[in-house]
Amino acid sequence: MRILIITNLYPPQYLGGYELLCYQVAEYLMAQGHQVEVLTSDFMSEGELEKGVSRSLKIFQDFRKTFRDSLGFRMKMPGIDKYNQAEAQRKVSQFKPDIIFMWSQRRLTLGPALAAERSGIPCVCTMNDEWLGFYEPVKFKWKLGRLLRYLCQEVCFPTTTTADVKLKNSFSVSCFTRDAIMAVVQSFTSEDVIYQGIELKSFPYRGLKEELGSPVKLLYVGQLLESRACQTWCWLWHC
């Protein structure tokens, strides 16, 4: 099978687990005999040639900077959106994939996703966080900041939003992520959840050599966000 992966970042350029997981999945699919190519951004790329990886997409704001919703990048987004859409169309025509696998489109625009859907090729998307919420259409409201963003989106600098992209064949990595997206993106209705797994042979079960202490001491390695602390603890408790 010919699989085209479209993602905002791809190793060796990465921020964390999302991009590394994408790389691991791509390597696994290739090991299974599938032909995989990746279309990603040129962020921090030095133009090196990589087999099966095209770094031609553009981001609208540097990942090394704290994200700030500003008029400046709202003005840049339409041009980047059209460019990324054209690049995705070109890659699809060139590679002729059997399926398109969408990963994070954060700071990339939804142009590639729109091109993927319009190609008529089966498209699937994995949601590992709530990046899709950024592209929800701005609703009209009589507040200066909201009004300016609304006018930019609808009148001055229209660009692709979740009103244009359906992402019907999507799955989330957890129920919490799925519900968080649904709370923000009205058009997102996919209830499918596929949990991230681990390679069991790398973590063999050894059994307990002795009874657990009281109280039980638990070491957790990962991030805790203030709004998710309770949910994360509940998830750990039920594991």
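Assuming 0.36 nm per residue, please report the length gained on full extension of the stretch residue 195 to residue 27 beyond their Cα-Cα distance.
58.6 nm
What nm value, rounded to one decimal, do you get for the distance between residue 155 and residue 216 when each label is placed 7 Å out toward the C-beta?
5.9
Between the range 177-194 and the range 61-109, what is the separation of their alpha carbon centroids in Å?
Distance between centres, Cα-based: 21 Å.
So who's got an amide H within less than 5 Å of the one on residue 123, skipping anything under 5 residues away but keeping other chains? H placed 1.01 Å off N, in plane.
The list, which skips near neighbours in sequence, is 100.
For 110, 15, what's the fewest-to-most ordering of other Cβ within 10 Å of each Cβ?
15, 110
Quick check: net charge around residue 195, other residues with Cβ under 15 Å of its Cβ, Lys/Arg +1 and Asp/Glu -1?
-4
In units of 2.2 N^0.38 Å, what is the alpha-carbon radius of gyration of the range 2-200?
Cα-based Rg divided by the globular estimate yields 1.02.
Order by neighbour count: 64, 149, fewest other Cβ atoms within 10 Å first, most last.
64, 149
What length, rounded to one decimal in nm, is gained on full extension from residue 64 through to residue 139, with 0.36 nm per residue of separation minus their alpha-carbon distance?
24.1 nm
Go through 173, 20, 80 and say which Cα lies farthest out towards the positive end of the charge dipole of the range 2-200; charges sit on Cβ, +1 for Lys and Arg, -1 for Asp and Glu.
80
For the chain, modelled as a Gaussian network with Cα springs under 10 Å, which listed residue fluctuates most, 65, 166, 82?
Maximum among the listed residues: 65.
Counting only residues 5 or more places away or on other chains, whose amide H sits under 5 Å from the amide H of residue 53 once H atoms are built in the peptide plane?
Placed amide hydrogens put 38 under 5 Å from residue 53.
Quick one: Karplus J couplings for the range 52-57, per residue in order, coefficients 6.51, -1.76, 1.60, θ = phi - 60°, nearest Hz, x for Gly and Pro?
Couplings: x, 10, 10, 10, 10, 6 Hz.
What aspartates and glutamates does residue 139 reach when the alpha-carbon gap must be under 13 Å and sequence neighbours fewer than 8 apart in one chain are set aside?
Correct list for residue 139: 154.
Output the relative contact order of the range 2-200, whole-number percent, from Cα pairs under 8 angstrom with separation of 6+ residues.
19
Give me a comma-separated list of calculated 3J(HN,Hα) values for the range 90-99, in order, Karplus coefficients 6.51, -1.76, 1.60 applied at θ = phi - 60°, integers in Hz, x for any Gly or Pro.
In residue order, the calculated couplings are 4, 5, 5, 5, 6, 7, 6, x, 7, 8 Hz.
Which of the chymotrypsin sites (Phe, Trp or Tyr not before Pro) found in the range 1-106 are loop residues per DSSP with 12 or fewer other Cβ atoms within 10 Å of their Cβ?
67
Report, in debye and to the nearest 20, how large the dipole of the range 1-67 comes out about its Cα centre when Lys and Arg carry +1 and Asp and Glu carry -1 on their Cβ.
160
Cut-off 16 Å, label point 7 angstrom out along Cα-to-Cβ of residue 15: give me the residues of the range 84-109 whose amide nitrogen falls inside.
Inside the label zone: 103-109.
Pairs 168/201; 96/201; 82/168; 65/168: which are spaced more than 30 Å apart, C-alpha to C-alpha?
Exceeds cut-off: 168/201; 96/201; 65/168.
Coordinate-derived values only; no laboratory data. Since the structure is predicted, the reported quantities are computational estimates derived from the model, not experimental observations. Methodologically, a virtual Cβ is constructed for each residue, glycine included, from the backbone with ideal geometry; neighbour enumeration extends over all protein chains shown.
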